[in-house]
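Single-structure report; data block below.
The values are calculated or read from the model by the stated rules, or taken from the named source; none is laboratory data. Only a predicted model underlies this, so the values are computations on that prediction, with no experimental measurement involved. No Cβ is skipped: glycine too gets one built from the backbone with ideal geometry, and neighbour counts run over all protein chains shown.
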DNA sequence: AAATTAACTTGAACATCGTTCAATTATGCC
DNA sequence: GGCATAATTGAACGATGTTCAAGTTAATTT
């Protein structure tokens, strides 16, 4: 009952996101414009608006893909049961990912959502997945029945690491310290583990 | 030998920044445009370019003022010599300032400096001032000769708090936790102090 | 096979943005 | 009064996100 498109909607979506990533790689994230993406995928601007509500949604879809990639990278980290070693291994994968996808990663955090607009449920779920990974690593430090303390610790650690990541990705870590981001991240984890150990001793 | 301006360059600068703040308050930071600021200060766009190199420099000047305001707020925190109480008091002032200047504060961290361009020296100095405040509060926890550990601890704590602040200001803290930002910040400090205590016990 | 229908695609047009700069205005000086 | 000079203007330019009437193409219907 209709014309068969040269590409399905899913194909167009993938082409658009791939085109956007190409623009990011070759021209920087500032040049991710509707026209640039459209031109690179061989379509017109109008077609992009047929797939996405607008540029913001395209970038949101890009960020979702990036978040998935992060999770995939993290989920390959081994869990030996030794929190310190496991966390350090996880961190290294995180930092490798950020280093390899710096511009994409930075974009994830400057999506300026229209002031007090809740992110969609699927986004929260993607974030929760990452928390679950952290939780599994910290598990050995907590006795059964201390689940509340565990989740609280996971959140605090994640927030602290968020400080490291945002400063690094924004190119502003060197304002604070001259240490490489790997050392800062490891120091942060160590400080945290020391704090956790001290609290359990109370 | 020249025309006397209706307003001195310094006055124009102040008027522009005040106009920008008015725009932020009434129309949001997205609407801080050259035309909006110029109209609000009763001048044309050309005049703005006579004062600032461009919009980016205007926003940078705005951010500098915000950073000064932050320092002023923080420097009023009392130093009693008890790190825990002092840090909590400092945090409360920090959080009050961020709450009262949410949009301005957020703007400080999304100035997308053209990829690996160093900020000016005066900016680094303003940041260093804040570190000095933190350092004075943590001082009692360190023996003479441990200055390196002190500055390292200050940096780590500041980075961790940066995670709290950015998530909160970006309206994304609730993705991580339902706790109010004050509780998160205090928990973070407590975790840090516990970690410091444990390390000194080594 | 022709006509119809509907999805797909286009790109000109619009409002707005940052930025530039020739022209205008208004003052101090001789 | 006339001149030089600084301050100020606002039209103009290129680029942006977005809209939408018009055109195109294939499946369906007659």
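Points worth noting:
- If the condition is being more than 7 Å from chain B (Cβ to nearest Cβ) and assigned to a helix (DSSP H, G or I), then segment A:162-183 contributes A:165, A:168, A:169, A:173, A:174, A:181, A:182, A:183.
- Counted residues, segment A:16-44 - those being at pLDDT 95 or above and within 15 Å of residue A:60 (Cα to Cα): 11
- Filter pass, residue A:13 being in contact with a helix residue (DSSP H, G or I) (Cβ under 8 Å, 6 or more places away or on another chain), at pLDDT 95 or above and within 16 Å of DNA strand C (Cβ to nearest atom): yes
- Residue match in segment B:179-194 (condition: modelled with pLDDT of 90 or more and over 30 Å from residue A:110 (Cα atoms)): yes
- Flag for residue B:64 being more than 13 Å from the chain's Cα centre (by Cα), away from DNA strand C (no atom under 16 Å from the Cβ) and over 22 Å from residue B:184 (Cα atoms): no
- Residue match in segment A:32-48 (condition: more than 8 Å from DNA strand D (Cβ to nearest atom) and touching a residue at least 40 places away in the same chain (Cβ under 8 Å)): no
- Note on segment A:185-202: among residues that are assigned to a helix (DSSP H, G or I) and more than 7 Å from chain B (Cβ to nearest Cβ), the one that is farthest from residue A:99 (Cα to Cα) is A:200.
- Which numbered condition residue A:67 misses (of (1) away from DNA strand D (no atom under 12 Å from the Cβ); (2) modelled with pLDDT of 95 or more): (2)
- From A:28, A:46, residue being over 30 Å from residue A:194 (Cα atoms) and within 14 Å of another protein chain (Cβ to nearest Cβ): A:28
- Test: residue in segment B:99-118 that is crowded, with 18+ Cβ neighbours inside 10 Å, in contact (Cβ under 8 Å) with a residue 60 or more places away in the chain, farther than 20 Å from residue A:110 by Cβ and touching a helix residue (DSSP H, G or I) at 6+ places or on another chain (Cβ under 7 Å): no
- All told, residue B:124 meets the bar of being free of Cβ contacts under 8 Å to residues at least 40 places away in the same chain and under 30 Å from residue B:54 (Cβ atoms).
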